[in-house]
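Notes follow the structure.
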Amino acid sequence: MKIQHIFFDLDNTLWDHRRNAYLTLKEIFNKEKVSDRYPLGFEEFHTEYFTINERLWEQIRDGEIDKDYLRKHRFYDSFLFFGIDDFELAQTFENNFLDEILNHNDLVEGAFEILEYLSNKKYKLHILSNGFKEVTYKKCELSGIKNYFQTITSADEINIRKPHPEVYDYALKKAGATTEESMMIGDDWIADVEGGKACGLDVVFLDVFNDNFEADGVKTIKKLKELETLL
């Protein structure tokens, strides 16, 4: 059956989370005068935070921890790595981060262009994100891409995250789509590619970080514009 519905992951597939988070954290770091209080520079803090946050999101994806655990630990553990046991400072970062990141809405290169291209070709577009419900919709709205999508689904809505089939089934029903006519595009090999493939969707891996994963039946692109050759 011909593809009619295209599901996009959001963070680092369309919305440039890595850049937007970097800019947000730098502002909070400077505003809280962290380097005046502790012998710690922003770049080294950010490097460690990035590693810890990625690991925690993998644990959320795999069902090992919940959202509350991540929000309690991602900044606290990052400061603790440098011997800074300051839970209040960590919570200040956490409390400001989700709101202030919405001040930065850079998109992945080619995002607007590919959404326009696919819309003009009459594909029905959707978002399926593992991100927090309270910011997923706002990211789409504030970055100017919301109107391209017929549905915007956060895994928070049912508290089950990709790659689990339940969230794919939920998103498909919400979109009024079948697996045979649907495609999943994302940058997370396990959540987006393995999860989508296991549910019977056609899948495209956006390998923006040069992970170079491969599997039968999986199309790989490095830039969003390459979708024009596939669709």
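Given bins 10 angstrom wide, list per bin the percent of all Cα-Cα distances in the stretch 168-231, short to long. P(r) over the stretch 168-231, rounded to whole percents: 22, 53, 24, 1. Each residue of the stretch 68-73 is assigned a 3J(HN,Hα), and the resulting list reads 5, 5, 4, 5, 7, 10 Hz, derived from the Karplus form 6.51 cos²θ - 1.76 cosθ + 1.60 (θ = phi - 60°), x at Gly and Pro. With 10 Å bins beginning at zero, the pair-distance distribution over Cα atoms of the stretch 1-146 amounts to 10, 37, 31, 15, 6, 1, 0 %. Placing a pseudo-label 7 Å from each Cα along the Cα-to-Cβ vector at Phe81 and Phe112 gives an inter-label distance of 3.4 nm. Packing order of peptides 50-57, 165-172, highest average first: 165-172, 50-57 (average count of other Cβ atoms within 10 Å over each peptide's residues). Measuring spread by the Cα atoms of the stretch 32-91 yields a radius of gyration and Dmax of 12.0, 38 Å. Ordering 117-124, 179-186 by mean Cβ neighbour count within 10 Å, with the highest value first, yields 179-186, 117-124.
The phi-based Karplus calculation (6.51 cos²θ - 1.76 cosθ + 1.60; θ = phi - 60°) puts the 3J(HN,Hα) values of the stretch 202-207 at 5, 10, 10, 9, 8, 8 Hz, whole numbers, x for Gly and Pro.
Using a probe of 1.4 angstrom and keeping all protein chains present, the accessible surface of the chain works out to 48 square angstrom per residue. Under a 10 Å cutoff between Cα atoms, tell me which one of Asp62, Asp106, Asp85 has the largest fluctuation in the Gaussian network model of the chain. Maximum fluctuation in the GNM of the chain, among the listed residues, is at Asp85.
Both the radius of gyration and Dmax for the stretch 81-231 are 17.0, 54 Å, in that order, over alpha-carbon atoms.
Split the accessible area of the stretch 1-104 by element, probe 1.4 Å, and carbon with sulfur accounts for 46%. Helices in the chain, meaning DSSP H runs of at least 4 residues, each add -39500 (n - 2.57). Divided by all residues, the mean residue ellipticity at 222 nm is -13500 deg cm²/dmol.
Within the listed set Asp156, Asp211, Asp77, the Gaussian network model of the chain (springs between alpha-carbon atoms below 10 Å) gives the highest mean-square fluctuation for Asp211. So how far, in whole Å, is the C-alpha centre of the stretch 154-170 from the one of the stretch 177-227? So the separation of the two Cα centres works out to 17 Å. Between amide H atoms placed 1.01 Å from N, distances below 5 Å from Asn12 occur with His17, Arg18, all of them 5 or more places distant or on a separate chain. The base-10 log of I(q)/I(0) for the stretch 1-42, evaluated at q = 0.16 Å⁻¹, reads -0.57 [Debye formula, identical scatterers on Cα atoms, solvent excluded]. A cut-off of 5 Å between modelled amide H atoms, ignoring neighbours fewer than 5 places along the same chain, links Leu107 with Asp16. With coordinates expressed along the principal axes, the C-alpha atoms belonging to the stretch 77-145 extend over 54, 21, 20 Å, beginning with the largest.
Take the Cα of Tyr38, step 7 Å toward its Cβ, do the same at Asn96, and the gap between the two points is 1.4 nm. Remark: relative contact order (the chain) = 25 percent; criterion is Cα-Cα distance under 8 angstrom and separation of 6 or more residues.
The values are calculated or read from the model by the stated rules, or taken from the named source; none is laboratory data. Remember, it's a predicted structure, so these values are computed and weren't measured experimentally. For neighbour counting, all protein chains shown are included, and Cβ atoms are generated from backbone atoms with ideal geometry for every residue, glycine included. Calculation scope for accessible area: heavy atoms of the full protein, side chains included, ligands and nucleic acids excluded. Shrake-Rupley method; radii C 1.70, N 1.55, O 1.52, S 1.80 Å.
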